[in-house]
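Report on the structure given below.
The values are calculated or read from the model by the stated rules, or taken from the named source; none is laboratory data. Bear in mind that the values here come from a model prediction, so they are computed numbers and not experimental data. All Cβ positions, glycine included, derive from the backbone under ideal geometry; neighbour counts span all protein chains shown. Only protein heavy atoms, including side chains, enter the accessible area calculation; ligands, DNA and RNA are left aside. Shrake-Rupley method; radii C 1.70, N 1.55, O 1.52, S 1.80 Å.
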Amino acid sequence: MVTQYGIKYAVNLITAHFGDLVAKVCECLLRRGPLTLQAIVRSTELTSSQVKNSLLVLIQHNCVQAFILDQTGEHGDGAKQSTQYIALFDNIIQRWRFPKFLTMVSKKLDKQCVELLEGLLQHGRLTLKQMFDRAKSGQNEGDDVVQEAFVKLLNAHFIERCPASEPVLTNPTKEEEAARKRAAKSGKILEVQETLEQRVVEAAMPTEALRFLFATETEPTADGGKDKSNSSSVTPGEKRKHDAIESEAESGDTDEQVVLWRANIDEFIRHLRHKACIENVRARFDDGAVIVFGAMLEATRSAEKKVKTENSVPLSLSSIYEEVIKSEEGRNITFDRVRASLVQLSCPPFVKATNESYSVDFKKIIELAQHEEVESIVLKRYGRDAYRMFRLLSNSGHLLETDKVADATFVEKKETPIILYKLWKDDYLQLEKLQIGVKQTPFQLWKVNKSTLKVHVLDEMFHAAFNLSQRVAFELEQEKELSNVLQDKRVNRLRKRLLLESSQMKLDDAIMLFHDF
């Protein structure tokens, strides 16, 4: 979902990292969708050279993807191909989370892995040789140490091969076009645009056999030559995957066999999603249930093909117990305790049981967390009476008239319409009027539209994140100007900035809940 304040927030990030010129090109793509080079030049009124250089920067840092749109003529004309560029909104907003990604790797792997990943996050895309050179320039590390760290990151799927430079995207089928028109009529234009972004990303993605394959014969060695004497794969099926590489190389998908690598954002978001789910379970159940739930996530993580997976793959009770006892705290848990924890986790249905198999219901967990987040916002902003009304309407799932809302929530009937109007005015409720008689006052019916409310709340969060980032930038400027002022004043400024940055981190967790999870 790309909201209006989401675009402002993304453009602000690009401005802070790459300057106004690159941000202008990026904003043009975010607001207008995929465009050719000539169309971007016309829209931005920049020179062709400026636009090209800006696009190169954005592509290097995985913020824009080029693709070829294959347009076949309607009357049997030959295919018309044009290179277009699309801004990757999801990748852009991840740039603020780079410190979270580095912290995650520092906890799971070692310092050398953190330094390699830091280089990829800083430069966007690098060859293995460039990573080696960067690591050795920082400290006297040998090729073997750097390669070992690289393989650790690859085994953990924290890095991946870069996508194709210009994948070919065909026109949507008649069914897709019909679905697009229906979505446009129902006001879901932003979701359609997101679908196009996903189609482009999917078309550019390397095959699963290649995405995490490390074959040293395809990489330059530290002295610039090619090492054809050794090859290694970090995943099973070496022969099949080497064949896949050869076939792609023959078809021109690899450029002189120089492979570019980048951070795998999906894997980091998947880990953060799992962490959020565990915290949600921890708030409701005992430590035993949390350990069992965490073991299920660990056992099924590699089988997840996309971040927003609704259900994990099913596991047998024996498989779950086998994963539980791999951890030190899990060895204190008996088989029967695991079974009892799974029963606990089934209400609310965080874990679903089917034919002696158990799977994690991610969709239910995330929806419940989103619902609680919105209720928390209503409580803080509008008070307890409004919170009770909102919760009643949200749980009922259908239209309720004003008097029934007042009776069910024990709120004065004079106050009820005032509070409901506040919520409706701020787009937290939907109002419908029912006219029965010509002379009678129409009934006012209220409900919560969860799909539109989710978009509205996310846009509010992006608005707050945009304002916070502007304020933090202002505080940083003030700190520079006050460098010669008394120590006490500088300390107060620093405390204020750290508090703002802490608020940014918490707000970003909420944004991930509604946008990424």
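Tell me which residues, restricted to region 336-368, are of a type outside the set (Gly, Ala, Ser), more than 12 Å from Ala295 (Cβ to Cβ) and open to solvent by less than 70 Å² (accessible area, probe 1.4 Å).
Across region 336-368, the qualifying residues are Gln344, Pro348, Pro349, Phe350, Asp361, Phe362, Ile365, Ile366, Leu368.
When you scan region 429-439, do you find a residue that is farther than 30 Å from Phe517 by Cβ, within 32 Å of the chain's Cα centre (by Cα) and at pLDDT below 95, even just one?
No, region 429-439 contains no residue that is farther than 30 Å from Phe517 by Cβ, within 32 Å of the chain's Cα centre (by Cα) and at pLDDT below 95.
Looking for whichever is under 30 Å from the mean Cα position of the chain (by Cα), among the aromatic types (Phe, Trp, Tyr) and more than 26 Å from Lys275 (Cα to Cα) here; the options are Tyr358, Tyr387, Tyr421. Which one fits? Break it down stepwise before answering.
Details: Tyr358 fails: more than 26 Å from Lys275 (Cα to Cα); Tyr421 fails: under 30 Å from the mean Cα position of the chain (by Cα).
Selected residue: Tyr387, the only one of Tyr358, Tyr387, Tyr421 that is under 30 Å from the mean Cα position of the chain (by Cα), among the aromatic types (Phe, Trp, Tyr) and more than 26 Å from Lys275 (Cα to Cα).
I need the full set of residues from region 112-152 which are under 29 Å from the mean Cα position of the chain (by Cα), of a type in the set (Lys, Arg) and at pLDDT below 90, in order please.
Matches in region 112-152: Arg134 only.
Can Val281 be described as modelled with pLDDT of 90 or more, among the β-branched types (Val, Ile, Thr), within 26 Å of Leu116 (Cβ to Cβ) and not assigned by TED's automatic domain parsing to the domain that holds Leu126?
Here the answer is no, as Val281 does not meet what is asked.
Of these, Asn311, Asn332, which one is more than 29 Å from Phe514 (Cβ to Cβ) and out of contact with any Pro (no Cβ under 8 Å at 6 or more places or on another chain)?
Going through Asn311, Asn332 in turn, just one is more than 29 Å from Phe514 (Cβ to Cβ) and out of contact with any Pro (no Cβ under 8 Å at 6 or more places or on another chain): Asn332.
Please tell me if Val64 is open to solvent by less than 30 Å² (accessible area, probe 1.4 Å) and touching a Cys at 6+ places or on another chain (Cβ under 6 Å).
On the way: open to solvent by less than 30 Å² (accessible area, probe 1.4 Å): yes; touching a Cys at 6+ places or on another chain (Cβ under 6 Å): no.
Criteria not met by Val64.
It is to be established whether one or more residues within region 14-22 are under 22 Å from the mean Cα position of the chain (by Cα), of a type in the set (A, V, I, L, M, F, W, C) and under 30 Å from Ser451 (Cβ atoms).
Taking every residue of region 14-22 in turn, at least one turns out to be under 22 Å from the mean Cα position of the chain (by Cα), of a type in the set (A, V, I, L, M, F, W, C) and under 30 Å from Ser451 (Cβ atoms).
If you check Ile366, Ile291, Ile320, Ile269, which single one turns out to be under 30 Å from Gln60 (Cβ atoms), assigned to a helix (DSSP H, G or I) and among the aliphatic types (A, V, I, L, M)?
Ile269
Out of (1) under 30 Å from Leu434 (Cα atoms); (2) in contact with a helix residue (DSSP H, G or I) (Cβ under 6 Å, 6 or more places away or on another chain); (3) surrounded by 15 or more Cβ atoms within 10 Å (Cβ to Cβ), the odd one out for Ser312 is which?
(1)
Could you list all residues from region 369-401 that are outside any helix (DSSP H, G or I) and either out of contact with any strand residue (DSSP E or B) (no Cβ under 9 Å at 6 or more places or on another chain) or open to solvent by 80 Å² or more (accessible area, probe 1.4 Å) (or both)?
Here is the first cut: in region 369-401, the residues outside any helix (DSSP H, G or I) are 383, 397-401.
Residues satisfying the conditions are Gly383, His398.
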